[in-house]
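See structure below.
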Amino acid sequence: MSGPRGEGELRVVMLPGEEESTTRRHFLKVVGGGLVVVLVAPRALAWPDAATEQAGAGGPGGDPRPAAGTPREIAAWLQIGPDGVATVYTGKVEFGQGIRTSLAQELAEELRVPLEAVCMVMGDTDLTPYDMGTFGSRSTPQMGTRLRKVGAAARRLLVRMAAERWSAEPGSLTAAAGRITDRASGRSVTYGELAGGEELTEIVEDDVELTPPARWSVAGRSVPRAGGADLVTGAHHYTSDVTRPGMLYGKVLRPASIGATLSGLDANAAEAMDGVVVARDGAFVGVAATDTRVAEHALASIRATWKSAAGPRPSSKTIYDFLRRTRAPSRGEREGRGNRDAFSRGDPGSALEKAAHRVERTFTVAYIAHTPLEPRAAVAEWSKGVDGPRLTVWTGTQRPFAVREELARAFEMPVPHVRVLVPDTGSGYGGKHTGECAVEAARLAKTAGRPVKLVWTREEEFRWAYFRPAGVIDVRAGADAEGTITAWTFDNYNSGPAAIRPMYDIAHQRVEFHPSESPLRQGSYRGLAATANHFAREMAVDELAREVGKDPLAFRLQNLSDPRLKAVFRAAAERFGWEREVPRDHGVGIAGGFEKGGYVATCAEVAADRDREGGRVRLVRAVNAFDCGAIVNPDLLRNQVEGGLIQGIGGALFEAIDFRDGVITNAHLADYRVPRFSDIPEIEIVLIDRKDQPSYGAGETPLMGIAPAVGAAIFEATGVRPSSLPMARGGLSGSS
Amino acid sequence: MRIALQVNGQRHAVDVDPSRSLLEVLREELGLTGTHYGCGESQCGACTVHLGGRPVHACVTPVSDAAGRPVTTIEGLATGGRLHPVQRAFLDEEAFQCAYCTPGMIMAAAALLAENPRPTDAEIVRGMEGNVCRCGTHPRIVAAIRRAAGLSSDGGAAAKARASVTESRP
Ligand code: FES
Ligand code: FES
């Protein structure tokens, strides 16, 4: 079975060897003995589709192109030590999604070793192969497939080594539990013994056969998350827990408003304080001190004046008009409608005119904040190298290699002189692609001449990180008398093109993403615009179903042909009891979709209390059905599918960033409401294990059904049709 | 100012500004980094510790308040090399993803159960409302608390997950 992407040309080479390649030099530098197996991709394939990667990275985040200094062609590598431990080196990072565990399972499966024999080295730019970043639900389909290949190739090599040692036929040997056994003679040898033996040079073409999921024994099971004991005892060190000898604590001066420039500065008082270092570099002003309290005092003593940015300053009230007004020509207008941002077929204009039933709606989505519970953090340390300074930074970023390049640019130093390490991090959800905190910590450390830790405050996270984009979406849809959707136009302003095309079979359609000017810093967010686009699409489809007079589930099934999508809709409806009677003031809704290899359908039940001022809704129950192919670890997957749904509740019902005159006005957890225990409904998860399909990721798609399912349920309960996210921030809004 | 602290059964004398938060002193002076910063404003519970046996948000507790009173942090919850039942239950239910919230959740839950050994689900929700999990592991946390209280008899999250996996091959 091959991976979901065409990686057929990957080669596996075994080191050590004779060939003096950059690859070999790199590995000999970083590993000791044992057997090293490297999965090598030709340059072109190491960068499968740069455009998509960049889109996935979204917004701020710098140049995704490779820089010199890393063997770019390396996709993954594995070392088997004389002790039999298989160490995997991957540039992916663990943010709570569970890939430290699931990737190890996939490797262990193919290598035929117990899971305990696998050690994962992740997100260290000196040790791991270059990686674009951990985002876009790509770890499972891409890295998982690569590790399976490298594991299978390594196993085959070990079998051959044993065969040579014994002058036996490779076909008569079996590999299991970290050993090669010759069934005929009963001889056996451990991987460690083989790996500690003589050097071999091997280049293996990538024709390795992978174990089909139906025959998995280590993968496909719910093994507990790696390192759990350290997580429940406080022993795990997140970036914000890293300490270094002589380390100082940093604070950074922030502008009075977004885009304001520094017009005056008096830092004399801070400079006179004991144990305080003041760092200035252009617009950057910060302090480092022996503890956080002293750093706060020093920062507070700095007198700064700011000049506000010029130009129009929309607020959270006027943003939607602003986004519509400032739209740039779309890619569809510039390049034609046959790309990721724009698509058309048939004649939607006249199809709409002829439609027996029509729906025309505008939807809006607010800026929202990722609010990872561990804010941005970095510990920076400078040292001397023979040919110039070296910089080491621990930081919780989803893109360690991009941050390394950002640091190298900021300090004008060669990329290989910078090392970025990513401890397993307190989550990110697409919000930690960038290296601003790492650069700030490094500036402070450079001036101080000592290591510096910088942890952003929650307020800084709200004010100076980036947001999920706000957006406006216009939908027009038409159906014939029998309930076939015949016409569809969909214009998205600013929120983004992810999952913009309808998954329904519609003969006449035009979809288009229109980029606009964003007054706030915006970027990637779990699922990107797929949440907004699913909300608008599914709300419009729900309304169209009701216009036609059909049940919303039946209407969808009638207009869908993808069997896997139909299957998740049916599975969710069945578990939920779609036909079941609910109390009079309750409503139910269903919605779903497809994105990044995952199929989701969500049912929701809400209770409405229209007597309360403004109306109140409470989410009572939700069912999420999900199919992302062959399941690598059911419990980790269920955790993701459940967590995604819960995070989606926040954006659906009450999360929104308020701003005015370039200032975020709800930059505290007391004012920015995230889901709490009392907001959580009864939740059921249905996972569909498609062992005949490649495995895809689950970090994003499970969020996408909840907002429109809740929206449809609110309509049924109240007669108010929600048209903006969040839907129930201070009472219901929308149109009847 | 010199302040005598008693943390996880150990005595420390720290020379600090008495208005500094207990959280900062635990993390920066005593190296106990298992207690986390999430907001600094008593809004997330990531910094929950026990002070005199009661749960407090260490980020808004001046260190002077802790003088002479026993403090327990996540590092001191396990005794004699044995995990506290709440820690054990969080592992069994795998009640975390990134686990940054977990120490605060466990400390809040342990305090809740010390006060009310057999809470109803509504009491658990009320007791945990001040703790934020951004990864959305709330249902597992509730399950873990029930388990620690001896209220659940099912096979835990993993078993439930297995039960809800449908294998499908058209
Ligand atoms: S850090 Fe103390 S409550 Fe959030
Ligand atoms: S597990 Fe990540 S915040 Fe709770």
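Bear in mind these aren't lab numbers, they're just calculated from the coordinates by the rules spelled out. Remember, predicted model here, so these are calculated numbers, not experimental data. No Cβ is skipped: glycine too gets one built from the backbone with ideal geometry, and neighbour counts run over all protein chains shown.
Quick notes on this structure:
- Looking across region A:352-393 at every residue that is of a type outside the set (Lys, Arg) and within 16 Å of ligand 2 (Cβ to nearest atom), the one that is surrounded by the fewest Cβ atoms within 10 Å (Cβ to Cβ) is identified as A:His370.
- Residues (buried (at least 21 other Cβ atoms within 10 Å of the Cβ) and either within 27 Å of A:Tyr429 (Cα to Cα) or of a type outside the set (A, V, I, L, M, F, W, C) (or both)) located in region A:464-485: A:Ala465, A:Tyr466, A:Phe467, A:Arg468, A:Pro469, A:Ala470, A:Gly471, A:Val472, A:Ile473, A:Gly478
- Counting the residues of region A:535-584 that are among the small types (Gly, Ala, Ser) and within 22 Å of A:Gly629 (Cβ to Cβ) gives 5.
Residues are listed down the side, and each one gets a yes or a no for (1) in contact with a Cys (Cβ under 6 Å, 6 or more places away or on another chain); (2) under 20 Å from A:Ile99 (Cα atoms); (3) not aliphatic (A, V, I, L, M):
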position: A:Asn666; (1), (2), (3): no, no, yes
position: A:Tyr672; (1), (2), (3): no, no, yes
position: A:Asp679; (1), (2), (3): no, no, yes
position: A:Glu684; (1), (2), (3): no, no, yes
position: A:Leu687; (1), (2), (3): no, yes, no
position: A:Ser695; (1), (2), (3): no, yes, yes
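- The set of residues from region B:64-80 being out of contact with any strand residue (DSSP E or B) (no Cβ under 6 Å at 6 or more places or on another chain) and within 11 Å of chain A (Cβ to nearest Cβ) comprises B:Ile74, B:Glu75, B:Gly76, B:Leu77, B:Ala78.
- Selection status of B:Gln6, more than 13 Å from chain A (Cβ to nearest Cβ) and either within 19 Å of the chain's Cα centre (by Cα) or buried (at least 17 other Cβ atoms within 10 Å of the Cβ) (or both): yes
- Selection count where residues are within 15 Å of ligand 1 (Cβ to nearest atom) and under 18 Å from A:Asp679 (Cβ atoms), scope region B:105-126: 2
- Any hit, region B:86-103, residues being more than 16 Å from ligand 2 (Cβ to nearest atom) and surrounded by 24 or more Cβ atoms within 10 Å (Cβ to Cβ): no
- Being away from ligand 1 (no atom under 16 Å from the Cβ), within 14 Å of chain B (Cβ to nearest Cβ) and in contact (Cβ under 8 Å) with a residue 40 or more places away in the chain is a description that does not apply to A:Ala448.
- Considering A:Leu619, A:Leu636, A:Leu560, the condition of being within 29 Å of A:Arg729 (Cβ to Cβ), hydrophobic (A, V, I, L, M, F, W, C) and away from ligand 1 (no atom under 16 Å from the Cβ) is satisfied by A:Leu619 alone.
- Subset of region B:41-78 (residues that are within 10 Å of the chain's Cα centre (by Cα) and within 16 Å of ligand 2 (Cβ to nearest atom)): B:Gly45, B:Ala46, B:Cys47, B:Thr48, B:Ile74
- Some residue of region A:414-431 being away from ligand 2 (no atom under 16 Å from the Cβ) and under 24 Å from A:Leu725 (Cβ atoms): no
- The single residue among B:Cys47, B:Cys133 that is within 28 Å of A:Glu682 (Cα to Cα), more than 10 Å from chain A (Cβ to nearest Cβ), of a type in the set (A, V, I, L, M, F, W, C) and surrounded by 24 or more Cβ atoms within 10 Å (Cβ to Cβ) turns out to be B:Cys47.
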